[in-house]
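The values are calculated or read from the model by the stated rules, or taken from the named source; none is laboratory data. Treat the numbers as computed from the prediction; the structure is a model and nothing was measured. Virtual Cβ from ideal backbone geometry, glycine too; neighbours counted across all protein chains shown. Only protein heavy atoms, including side chains, enter the accessible area calculation; ligands, DNA and RNA are left aside. Shrake-Rupley method; radii C 1.70, N 1.55, O 1.52, S 1.80 Å.
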Amino acid sequence: MAIALSTLVEEADAFLNASRINDYCPNGLQVEGRPQVSRIVSGVTASQALIEAAIDAEADVLLVHHGYFWKGENPCVTGMKQRRLKALLTNDISLLAYHLPLDVHPEVGNNVQLARQLGIVVEGPLEPENPRTVGLVGSLQEPMSAADFARHVQQTLGREPLLVEGDGLIRRVGWCTGGGQGYIDQAIAAGVDLYLTGEATEQTFHSARENGVSFIAAGHHATERYGVQALGDYLARRFALEHLFIDCPNPV
């Protein structure tokens with residue numbers, strides 16, 4: 001079965017409430033390809049490797065979390081950007097990208113989906129008074145040590161995480177997928193035992209250690225694989241389309 005590209009984009013935009021979220025990039029259709037869609041390929045980042053995999057899979061739409069045209073970047077279509085856009089346009093593949101709308105969505109969002117993978121019970125936003133908050137807080141069904149939780153993360157995500165071990169058992173968890181290390185102070189204020197995100201910076205270690213809170217950096221890519229899969233599955237069910245998630249591993 002095939003549907004109009006415009007219909008698919010309209011549904012995805014509405015489902016994610018994309019127009020109401022202020023972001024660092026345009027959300028929705030970034031590159032327009034053929035007008036009819038029957039097969040979606042999804043992945044985390046619209047890298048050259050993922051584009052080539054989508055071409056091989058005969059995709060009509062490439063659905064990603066990290067697309068193009070970020071604020072502050074050089075707008076010139078040269079080098080890597082030229083090669084990526086040329087491959088999409090030559091093969092008539094549309095690029096559909098959702099950044100913050102995919103992070104925060106209560107059903108298919110990266111943060112909710114990561115919680116489901118790790119067995120964390122979602123309790124609410126990391127900052128209840130901030131409508132722009134991205135992270136969440138929740139609890140484990142059974143308390144465990146930080147080392148045991150880190151092993152659980154490794155087994156689930158297939159990647160060894162960076163662990164800064166704090167004081168005591170882990171019961172309450174705060175998390176934000178991707179590059180959310182800057183939220184560690186808000187997580188500490190929320191009273192978590194452990195804060196998990198994708199990346200770390202030098203000062204993250206000190207914030208965790210000096211406050212007795214455990215910290216895990218589990219990988220930007222690894223923590224953001226699940227939202228785009230869930231969105232692709234939703235759109236495929238909604239319109240009886242084919243959907244294939246392709247993981248192009250990234251150690252960061």
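A few comments on the model shown:
- Checklist (1) over 17 Å from P249 (Cβ atoms); (2) open to solvent by less than 60 Å² (accessible area, probe 1.4 Å) applied to R172, failing item: (2)
- Residue within the range 119-133 that is open to solvent by less than 60 Å² (accessible area, probe 1.4 Å), of a type outside the set (G, A, S), in a strand (DSSP E or B) and not assigned by the TED database to the domain that holds F239 present: yes
- Those residues of the range 127-157 which are modelled with pLDDT of 95 or more and closer than 30 Å to D23 by Cα, in sequence order: G135, L136, V137, G138, S139, V153, T156, L157
- Among helices (runs of 4 or more DSSP H) entirely within the range 167-227, having at least 2 residues that are at negative phi and of a type in the set (S, T, N, Q) singles out 202-211.
- Matching residues, the range 41-62, being under 17 Å from the mean Cα position of the chain (by Cα) and open to solvent by 50 Å² or more (accessible area, probe 1.4 Å): T45
Each row is one residue, and each column tells you yes or no for (1) open to solvent by less than 70 Å² (accessible area, probe 1.4 Å); (2) free of Cβ contacts under 8 Å to residues at least 40 places away in the same chain; (3) under 27 Å from A240 (Cβ atoms).
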{"position": "R39", "(1), (2), (3)": "yes, no, yes"}
{"position": "Y68", "(1), (2), (3)": "yes, no, no"}
{"position": "T78", "(1), (2), (3)": "no, yes, no"}
{"position": "T90", "(1), (2), (3)": "no, yes, no"}
{"position": "L96", "(1), (2), (3)": "yes, no, yes"}
{"position": "L114", "(1), (2), (3)": "yes, no, no"}
{"position": "Q117", "(1), (2), (3)": "no, no, yes"}
{"position": "V137", "(1), (2), (3)": "yes, no, no"}
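- Among (1) in contact with a strand residue (DSSP E or B) (Cβ under 9 Å, 6 or more places away or on another chain); (2) within 16 Å of A218 (Cα to Cα); (3) part of a loop (DSSP other than H, G, I, E, B) - the single one E160 does not satisfy: (1)
- Check on A146, over 30 Å from F15 (Cβ atoms), open to solvent by less than 30 Å² (accessible area, probe 1.4 Å) and assigned by the TED database to the domain that holds E107: yes
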